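Student: There's a structure below that I have some questions on.
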Amino acid sequence: MLTGLIRRPDEAGAPAPEQVHLQFGADAAAQVAVSWAASAAVARPRLRLGRTRGQPGIQVDADERVYTDALMGETVFTYHARIGSLEPGTQYAYEVLHDGSPPVPGTFRTGPRGRSGPFRFTSFGDHAIPGPVGDGKGPHSPNAGYVVTAVERLDPLFHLLNGDLCYANNSDQPVATWTSYFANITRSARHRPWMPTPGNHENEAGNGPQGYLAYQTRFDLPGNRTPAFRGNWYAFTVGPVRFVALNNDDVCLQDGGFSGLRRDNVRGYRASGFDPYISGYSGGMQRRWLDAELAAARQDEDIDWIVVFMHQVAMSSAHFNGADLGIRQQWLPVFDKYGVDLVLAGHEHHFERSFPVRGVLPGSALLTPAPVRTERRDPAEFDTRYGTVHLTIGGGGHPYRTPGRRLHGAHEGVVIAGVQPGDPLVQRRSVIETEPAVWSAHSDTRAAFGFASFDIAPVEAGGTTSITVTYWAASDGSPSYRARDRVVLRKPLRAGQRPDDQLAGTRQARRSSG
Ligand SMILES: [Fe+2]
Ligand SMILES: [Fe+2]
């Protein structure tokens, strides 16, 4: 990708590595990628890895990937070092460097192998940046910084970013907005992977066919067998959980990527035919990949849980954006077919939690998801064998929150059922309809900001496995995040995976060998 026309700096002028952040590979027990950026092309970008800092270890050469932002005309240099064959559940120290730069240190911990131990992850969407960049019209809030500290405090193994990372498509300084974003998260993301999925605001018109070129260049994510759609959707395994990232702009009806700022200021926007409306762009490829991925996960005896994370939502009781009928048409039947346990999203700037849902209400033209009664012992415990629990966690830091007064109440859902005509120069307006929100178990628009933590117990004494979900929220301008909602997803382990079955299996093996 790099041409010989880009001049390498001499060693004395080398810029420092910056924006260092981590990603897991497809197998979190063995694979990690370390990524960073530099303000100019550098020579011999590389990573040194050891068990403790300062200890000599292996060296890994980094790949360089660049893109040129269509609004700024500025080229961004990123570097990615992939490490494989790591030990599971192990702490490592690393440093990244290139010729003429001081090394930048970091650490990470690999995921557990199988059901060998518990772990925690965290998640939110709609992050934005902690302070103004450029003309300051791009979204920013102090909480976009505070939430990173709050996540760090919980020491998760990794974090999931449910789209709308920094809203660069609405900034007059998109490159500086991305720089601010990574500068904010690196204090966490260089010690634990922050795994993203693209939201509508990652669509920067002019940056590649779907506008995702900045996102795709800056992250190094597990493959999906289609280089053109690298990072748009992918999957990875941590312990007994298969995580699946989806790109909902491919199936949504809403026109969420439109930016008047880029329409008016990206050179060649009209002449080049740039169009931020990308619904259907994969031609069904993503859905076929999802079906195959979930089928494989359900046949894998080492996988107990399937967690999907994506941006736009399948259900919403907020008059903000609304749920999208395209998601209901394209994704929910596949989630039902393979019994997805948990779906995490953002896009709506508040917190909402559904009952387990499966199928649709009879005769519902809007495909309203049907809540299912489970054999729950307690109103805060659900068995996801009977249905999929959806969480909207969109209060990461965007200053414009879902207005509570515009909620019609807990019993009305909002659905984007279509789009009006438009073109690349005029945003297509959503066609809004409403439905009974029979699927809504809990919503919270009072707290402006929040995120969720997830504690996985792979094997419990009673022969079950569980995920404990906690929602942490803070008021506007407050760094204090407090637990406000807690729910447990619990189900029996399959035969052969339960502690008593393991004991029985061991006894059987002893008897047959002795
Ligand atoms: Fe958003
Ligand atoms: Fe969004």
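The values are calculated or read from the model by the stated rules, or taken from the named source; none is laboratory data. Since the model is a prediction, treat every value here as computed from it, not as a measurement. Note that we place each Cβ from the backbone using ideal geometry, even for glycine, and neighbour counts take in every protein chain shown. Ligands, DNA and RNA are excluded from the accessible area calculation, which covers all protein heavy atoms including side chains. Shrake-Rupley method; radii C 1.70, N 1.55, O 1.52, S 1.80 Å.
Student: For ALA295 and ARG153, calculate 0.36 nm times their separation in residues minus their Cα-Cα distance, and state this gained length in nm to one decimal.
Tutor: Working: separation 142, 0.36 × 142 = 51.12 nm, distance 3.61 nm.
Once the chain is fully extended between ALA295 and ARG153, it gains 47.5 nm.
Student: Further question: Using only the Cα atoms, what convex hull volume per residue in Å³ does the range 283-338 have?
Tutor: Details: hull volume 5.1 nm³, N = 56.
Once divided by residue count, the hull of the range 283-338 is 92 Å³.
Student: At 1.4 Å probe size, with no ligands or nucleic acids counted, give the accessible surface of ARG115 in Å², nearest ten.
Tutor: For ARG115, the solvent-accessible surface is approximately 60 Å².
Student: Over the chain, what lengths in whole Å, largest first, do the semi-axes of the equivalent ellipsoid take, defined as the square roots of 5 times the eigenvalues of the alpha-carbon gyration tensor? Please report the intermediate quantities before stating the final value.
Tutor: Details: eigenvalues 238, 197, 82 Å².
Largest first, the chain gives 34, 31, 20 Å.
Student: Additional query: Starting from 0.36 nm per residue, how many nanometres of slack lie between SER116 and ALA483 once their C-alpha separation is accounted for?
Tutor: On the way: separation 367, 0.36 × 367 = 132.12 nm, distance 2.77 nm.
Contour length minus the Cα-Cα distance gives 129.4 nm.
Student: Then there's this: About the Cα centre, and with charges only on the beta carbon of Lys, Arg (+1) and Asp, Glu (-1), how big is the dipole of the chain? Nearest 20 debye, please.
Tutor: Working: 53 positive and 52 negative charges, 213 e Å.
About 1020 debye.
Student: While we're on this one: Please report the antiparallel percentage of DSSP beta bridges with both residues in the chain, rounded to the nearest 5.
Tutor: Details: 80 of 105 bridges.
Here the antiparallel bridges make up roughly 75 percent for the chain.
Student: So how far, in whole Å, is the C-alpha centre of the range 279-358 from the one of the range 79-158?
Tutor: Answer, in whole Å: 25.
Student: Using the Cα centre of the chain as origin and beta-carbon charges of +1 (Lys, Arg) and -1 (Asp, Glu), tell me which of GLN173, LEU213, GLN286 is placed farthest towards the positive end of the dipole.
Tutor: Projecting each Cα onto the dipole axis, the largest value belongs to GLN286.
Student: Still on this model: Determine the relative contact order of the chain: mean sequence separation of Cα pairs under 8 Å and six or more apart, normalised by residue count, in whole percent. The partial results should precede the final answer.
Tutor: Working: 1357 pairs, mean separation 71.3, N = 514.
In percent, rounded to a whole number, it is 14.
Student: Can you give the net charge of the other residues whose Cβ lies under 10 Å from the Cβ of THR78, counting K and R as +1 and D and E as -1? Walk me through the numbers before you get to the answer.
Tutor: Numbers: positive: ARG65, ARG218; negative: ASP63, GLU64, ASP220.
That works out to -1.
Student: Have a look at VAL151, PRO105, LEU493 and report the one farthest towards the positive end of the charge dipole of the chain, computed about the Cα centre with Cβ charges (Lys/Arg +1, Asp/Glu -1).
Tutor: Toward the positive end, the furthest listed residue is LEU493.
Student: Hey, another quick one. Calculate the tail of P(r) for the range 276-377: the fraction of all Cα-Cα distances greater than 22 Å, expressed in %.
Tutor: Tail of the P(r) past 22 Å holds 36 percent of the pairs.
Student: Which of VAL343, LEU361, PHE119 sits farthest toward the positive end of the charge dipole of the chain, with +1 on the Cβ of Lys and Arg and -1 on the Cβ of Asp and Glu?
Tutor: Going by the charge dipole, the pick is PHE119.
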